[in-house]
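See structure below.
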Amino acid sequence: MIDPLKLLNTLHSLSAVDEARAVSLNQLSRILGVDPRELEEPLHILHAMEYVIIKGTRVYLSELGILKISSTFC
């Protein structure tokens, strides 16, 4: 399973911070070098924690997710 924190960091690096900048699950899986199905569990965890927003097959960081990943840089 992909580390959820790595997934948050990748979304942040891609500037996926709102619906207009959301990335597709296929794009995210290619960037991370994993099968798209490997993203299901970590995305479910992050969504339950309200760190990401999933719209169809696209995903982006919520405000809380942005704060969470930003706090790791301090």
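As a check on your grasp of the helix formula, calculate [θ] at 222 nm for the chain: sum -39500 (n - 2.57) over DSSP H runs of n ≥ 4, divide by the residue count, round to the nearest 500. Only helices count here, giving -13500 deg cm²/dmol.
For residue 4, neighbours were defined as the other residues whose beta-carbon sits under 13 Å from its Cβ, and their charges (Lys and Arg +1, Asp and Glu -1) total -3.
Close amide H pairs (under 5 Å, H built 1.01 Å from N) link residue 51 with no residue at least 5 positions away or on another chain.
Under the shape rule built on the C-alpha gyration tensor, where the axes satisfy a ≥ b ≥ c, the stretch 18-74 is prolate, since a/c reaches at least 1.5 and a/b is greater than b/c. With unit charges on the beta carbon (Lys/Arg positive, Asp/Glu negative), name the residue among 64, 51, 12 whose Cα is farthest towards the positive pole of the charge dipole of the stretch 4-71. Positive-end residue among those listed: 12.
Read-outs throughout are calculated quantities, based only on the coordinates presented, and are distinct from any laboratory measurement. What you see is a predicted model, and the numbers here were worked out from it, not measured in a lab. With ideal geometry, Cβ positions are generated from the backbone for all residues, glycine too; neighbour counts draw on all protein chains shown.
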